[in-house]
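The values are calculated or read from the model by the stated rules, or taken from the named source; none is laboratory data. Owing to the predicted nature of the structure, the values given are computational and were not obtained by experimental measurement. Note that we place each Cβ from the backbone using ideal geometry, even for glycine, and neighbour counts take in every protein chain shown.
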Amino acid sequence: MREHSRQEIARKGGVDSGYVDRLVDLGILRPGKRDVFSSGDVRKARWIQSLEQAGVPLEEMAEAVRAGALSFSFLDVSAFDRFGGLASVTFQEVTEKTGIPIELLMVVREAFGLSEPRPDDYVREDELSVISVVEFQLSRGFRPVAIERWLRVYADSLRRIAETETESYRTEVVMPLLDSGMTESEMLDAQGELGSEMAPLTEAALLGIYHGQQEVVWTRSAVGTVEEALEAAGLYERMVQPPAVSFLDLSGFTQLTERGGDETAANLAERLRALVRRSARDHGGKSVKWLGDGVMLYFPDPGHAVLASLDMVDRAADYSLPPARAGIHAGQVIFQEGDYFGRTVNIAARIADYARPDEVLVSQEVVEAASEVPVSFDEIGPVSLKGVTGELQLHAAAHFGP
């Protein structure tokens, strides 16, 4: 176990040296022989100051610790070793050493879910690995705007992962321990040990899933590159078709959630996710954005967008969901920070708004691009949609057969 002086605890924890003295006087931090501290004490100083800044009185925390009603010893377990302290270099010094624009370093800090630092603030130890990647990318000609987009997508995706796993840990570990009769102090210690055992397994699983997703995306990109090379050599001719955007939403969602409250809304959302994940995967699409009562999806193939949307609308009842409806449009889209934008997206959303429950409506562009799939299209005539210039020729999609 690494030993730290009082000065190191203050610097790495981002607190004043006087604050460390105060925590020692209150009995929250307990130095060992020769007045040395542990890495866990770095985390205690930082976390306790955060609790105090959030409005939790320090004196009351100290009293609870002395009485045995509260313990911060869980911060000593190995699961928390991943949380680095502050390094000995400031953001301004990193900029001067690496040439990374200070504005881009601010985005690195933002990616960690923390407030924007001042130039003379110390960099976190765990931020150094990200800074190394950024420095490498800039040296190879990456544009700062592209690096910033990468950082923001990583931050948003990993924040959602962290929030989901934390909530799952709370319901599956923390609450059962408390329900078993443990005190909060006993629970904190018990869950810390369990978390230390589970953390490396979770990280391995996360990395495994990430590599699997990389293989899928890299393969898709490689296919496009190979097709372009063969096409340029006159050996291959690709079928050029625009991608499609589909919006699916649930009818009466607001009324149901107003009557049933947050738990009803959460249950409906989870069932909708289960339905969408299966249908989108089976037809080569992906969910882009969840909208409370619905979802936006992207499909490289408009025909498969129709098949997936019909499947989701037809099977909504199987997932105990209210009637669903969908709108689809095909055309060029703009990809930015993990999301899709542009006129195609806007028109698809408007078509979905126009659709009735249990209905899948598509534009003429989708009909023309989906001639190879086993569906029929019933023309419903030119329609004026709010926010869309001119009239659109819409069609109601249906599976072949009775």
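Set side by side, the residues Pro101, Pro57 differ, and just one is within 28 Å of the chain's Cα centre (by Cα), surrounded by fewer than 16 Cβ atoms within 10 Å (Cβ to Cβ) and at pLDDT 90 or above, which is Pro101. The single condition among (1) surrounded by fewer than 16 Cβ atoms within 10 Å (Cβ to Cβ); (2) small (Gly, Ala, Ser); (3) at negative phi that Gly113 does not meet is (3). Checking Arg118, Arg124 one by one, the residue that is closer than 26 Å to Ser39 by Cα and exposed (fewer than 14 other Cβ atoms within 10 Å of the Cβ) is Arg118 and no other. Within this structure, Arg82 passes the test of being charged (D, E, K, R) and at pLDDT below 85. One residue stands out in segment 267-298 among those that are more than 17 Å from the chain's Cα centre (by Cα) and not in a helix (DSSP H, G or I): the one that is surrounded by the fewest Cβ atoms within 10 Å (Cβ to Cβ), namely Gly284.
Listed by first and then second residue, the pairs linking a residue in segment 286-304 that is within 25 Å of Thr264 (Cβ to Cβ) to a residue that is among the basic types (Lys, Arg) and surrounded by fewer than 18 Cβ atoms within 10 Å (Cβ to Cβ), with Cβ atoms under 6 Å apart and 6 or more places separating them unless they lie on different chains, are Met296/Lys289. Out of Ala111, Ala87, Ala155, Ala146, one residue alone is of a type outside the set (S, T, N, Q) and more than 28 Å from Gln336 (Cα to Cα). It is Ala87.
Mind listing whichever residues of segment 1-28 are within 23 Å of Asp121 (Cβ to Cβ) and outside any helix (DSSP H, G or I)?
Of segment 1-28, the ones within 23 Å of Asp121 (Cβ to Cβ) are 4-23.
Result: His4, Ser5, Gly14, Val15, Asp16.
Residues in segment 33-42 include at least one that is surrounded by 12 or more Cβ atoms within 10 Å (Cβ to Cβ) and of a type in the set (D, E, K, R). Filtering segment 136-173 to residues that are crowded, with 16+ Cβ neighbours inside 10 Å and acidic (Asp, Glu) leaves only Glu148.
Checked against the criterion of being without any contact (Cβ under 8 Å) to a residue 40 or more places away in the chain and surrounded by fewer than 14 Cβ atoms within 10 Å (Cβ to Cβ), segment 185-196 contains not a single residue that satisfies it.
Select, from Ser71, Ser50, the only residue that is outside any loop (DSSP other than H, G, I, E, B) and either surrounded by fewer than 17 Cβ atoms within 10 Å (Cβ to Cβ) or modelled with pLDDT under 90 (or both).
Result of the check over Ser71, Ser50: Ser50.
Residues in segment 74-109 that are farther than 21 Å from Ser139 by Cα, touching a Ser or Thr at 6+ places or on another chain (Cβ under 7 Å) and assigned to a helix (DSSP H, G or I): Asp76, Ser78, Ala79. On the basis of being in contact with a Lys or Arg (Cβ under 8 Å, 6 or more places away or on another chain) and either at positive phi or of a type in the set (A, V, I, L, M) (or both), does Ser320 make the cut? Yes: the conditions hold for Ser320.
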